[in-house]
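Note sheet for the following structure.
The values are calculated or read from the model by the stated rules, or taken from the named source; none is laboratory data. As the structure is a computational prediction, the values presented were derived from the model and not from experiment. Every residue, glycine as well, gets a Cβ built from its backbone with ideal geometry; the counts of neighbours run over all protein chains shown. Side chains included, ligands, DNA and RNA excluded: accessible areas come from the protein's heavy atoms. Shrake-Rupley method; radii C 1.70, N 1.55, O 1.52, S 1.80 Å.
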Amino acid sequence: MIRDKEDSSATGVNGNQHDEGINGAGAAYVFVRSGTNWSQQAYLKASNTGRHNWFGYAVAISGDTVVVGALGEGSNATGINGNQNNNTATDAGAVYVFVRSGTNWSQQAYLKASNTGAGEEFGSAVAISGDTLAVGAWAEDSNATGANGNQNSNSASNSGAAYVFVLAAARTWGETGGLKMLQSGRFA
């Protein structure tokens, strides 16, 4: 279950759900079923909770992994586990990967586009299957086409892109490249 307009200033896993200190921060809640009963197992927040980050805008689950998009996150970091503290790229977006061991959840990765840009809303869509993760950035601006094109030409405003990450044997995420939507409306 997601609640992208949740306002707690908590960070990480199972923080204070009731403080209401940051407007629009967002949260994700993990519920598990035992028989016919459901109970909350985890309360997930960004590791860099911020105003109007909309953490929880997009959520995907595969096995013991939950992926949460925060399309309003504003760090100018790029790639995997970069500096979360420089908020000079408003609405660049970010994705957070959480994993479960037993009943305990922890953040495994903080993902950003390889070409982070303000207003691109990386994390507006997420999908995961096993060790492969796809992240959408509906407002990405490069004029690249197909797979792994030139991401640095921002002449196609709001054309969008998808980024693919794969979990390596060392249990670390790596980006395999970006995909641009072709004219047919399908990903290459």
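If you go through the stretch 52-66 and pick out every residue that is assigned to a strand (DSSP E or B), hydrophobic (A, V, I, L, M, F, W, C), farther than 19 Å from G102 by Cβ and open to solvent by 50 Å² or more (accessible area, probe 1.4 Å), you end up with 1.
For the stretch 106-123, filtering for residues that are part of a strand (DSSP E or B), farther than 11 Å from N81 by Cα and of a type in the set (S, T, Y) leaves 1.
Give the stretch 85-105 a look and list any residue that's in a strand (DSSP E or B) and of a type in the set (S, T, N, Q), or say none. Outline the logic, then answer.
Taking the stretch 85-105 and keeping what is in a strand (DSSP E or B), we get 93-101, 104-105.
If the condition is that a residue be in a strand (DSSP E or B) and of a type in the set (S, T, N, Q), then S101, N104 are the ones that fit.
Within the stretch 23-51, the set of residues being assigned to a loop (DSSP other than H, G, I, E, B) and either buried (at least 19 other Cβ atoms within 10 Å of the Cβ) or hydroxyl-bearing (S, T, Y) (or both) comprises A25, T36, K45, A46, S47, N48, T49, G50.
Within the stretch 67-74, is even one residue open to solvent by 10 Å² or more (accessible area, probe 1.4 Å) and either in a strand (DSSP E or B) or without any contact (Cβ under 8 Å) to a residue 24 or more places away in the chain (or both)? The answer is no; no qualifying residue exists.
Scan the stretch 108-127 and give yes if some residue there is within 17 Å of G12 (Cα to Cα) and exposed (fewer than 15 other Cβ atoms within 10 Å of the Cβ), otherwise no. Checked the stretch 108-127: no residue is within 17 Å of G12 (Cα to Cα) and exposed (fewer than 15 other Cβ atoms within 10 Å of the Cβ).
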